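Below is one structure, written out as C-alpha cells; the observations come after it.
The values are calculated or read from the model by the stated rules, or taken from the named source; none is laboratory data. Computed from a predicted structure; not experimentally measured. Virtual Cβ from ideal backbone geometry, glycine too; neighbours counted across all protein chains shown.
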Amino acid sequence: MKTFNIIAAIDEKFGIGKDGKMPWYIPSDLKYFKYITKKITDKSKMNAIIMGRNTWNSISSKYKPLVDRINIIVTNSDQDFFGAHTEINLISALELAYSFNNLEDIFVIGGGKIYEEALNLSNLASEWILNKLYITRVNGDFGCDVLFPRELIQPNKCKFIESLPEKIENNFLFKITTYEHMSNKKIMYQEHEYLSLLKRIMLHGKSKSNRTGIKVLSKFGERLNFNLRGGVFLY
Ligand SMILES: NC(=O)c1ccc[n+]([C@@H]2O[C@H](COP(=O)([O-])OP(=O)(O)OC[C@H]3O[C@@H](n4cnc5c(N)ncnc54)[C@H](OP(=O)(O)O)[C@@H]3O)[C@@H](O)[C@H]2O)c1
C-alpha cells in the first residue's frame, strides 16, 4: 500500500496561517513536529516531507532544508530551492518520495493548498492512501487567511487514536491529537487481507482433527494486524 500522513496545527476555525506565517509560537508543538516527521524504525532510512512553496518560504532559511528528512516542494517554479527537491503537484511529489530507496514514511506538512490536494486525493480512487493525521488543536480564533480543509477530519472518515494532555505554552492552550483516516480503500484493503488469509488456509491449510474429531484446516505463522483502538471494525 502506498500511504502518506498529514501533520498540521489548526485553530478553532480550522485556521492554519496568517500573512504567510503561523499565528502562534508553540515550541513544544514544533518539537513534536520534528519528532514525528523524523521518527524512523530503520536507522538506514528517512522520512519525506512534502510542502507547498509558500510553506517552504515561511520557514526561516537557517532551518532549511529541514534536516534528516527528504524535503520536497510542490511548485510550478523552476527556481533552485537549495537542499530540496521540487515537483509540480502532490501526486508527483508522493511518487518522487516513494522512489527513494531509503524512504520510511511520508508526511504532507502543508500549507492550505497542499492539504486541499491531499483531501482531493483521499476522495479519489487513487492508489495513494491517507493514513494518519497528526493534528494539534490550538484554542482560539486567530483570524487566519489560510484554512485546513475540515472535511479531512470529519468524524465519519477519521477515527480518533489518541491525544496528549492539553497544555498551555506562551499563553496558547493546545492539544495534540492523532487520527487514523479511514478511506474506503483502506477498509477494503483490510477486508481483502482477511479474505486472502482465509483463501490461503482453504488452499494450503493442514487438515487435523480436533478434540471432538472434527477436521480443522490450519496454517502456521500467519498474522494479521488491525488497530482496534481506532474502532476499525465498527462501521
Ligand atoms: N498550521 C500549520 O500546521 C501550517 C502548516 C504549513 C503551513 N502553514 C501556513 O500555511 C500558509 C501557506 O499555505 P498556502 O496555502 O498559502 O500555500 P502552500 O500550500 O504552502 O503553497 C502553495 C504554493 O505551492 C505550489 N502549489 C501548490 N499546489 C500546487 C499544484 N497542484 N501545482 C503546482 N504548484 C502547486 C504553488 O507554488 P508556485 O507558485 O511556486 O507554483 C502554490 O502557490 C502559511 O501561512 C503557513 O505558515 C501552516
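Conditions (1) in a helix (DSSP H, G or I); (2) modelled with pLDDT of 95 or more; (3) more than 21 Å from I10 (Cβ to Cβ), marked per residue:
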position	(1), (2), (3)
A48	no, yes, yes
N54	yes, yes, no
N71	no, yes, yes
D78	no, no, yes
T86	no, yes, yes
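Among the listed residues D42, D11, D78, D29, which satisfies the condition of being within 13 Å of the ligand (Cβ to nearest atom), loosely packed, with under 12 Cβ neighbours inside 10 Å and assigned by TED's automatic domain parsing to the domain that holds K167?
Of the residues listed, the single one that is within 13 Å of the ligand (Cβ to nearest atom), loosely packed, with under 12 Cβ neighbours inside 10 Å and assigned by TED's automatic domain parsing to the domain that holds K167 is D78.
Mind checking which residues of the stretch 106-120 are more than 11 Å from the ligand (Cβ to nearest atom) and either surrounded by fewer than 20 Cβ atoms within 10 Å (Cβ to Cβ) or of a type in the set (S, T, N, Q) (or both)?
Listed by number, the list holds a single entry, L119.
Could you say which residue among I88, I72, I59, I36 is of a type outside the set (G, A, S), touching a His at 6+ places or on another chain (Cβ under 6 Å) and assigned by TED's automatic domain parsing to the domain that holds F174?
I72
Can you tell me which residues in the stretch 130-141 are of a type outside the set (S, T, N, Q), buried (at least 18 other Cβ atoms within 10 Å of the Cβ) and farther than 19 Å from I73 by Cα?
Hits for the stretch 130-141 are K132, L133, Y134, I135, R137, V138.
Of the conditions (1) near the ligand (Cβ under 9 Å from one of its atoms); (2) within 18 Å of Y32 (Cα to Cα), R137 fails just one. Which one is it?
The failed condition is (1).
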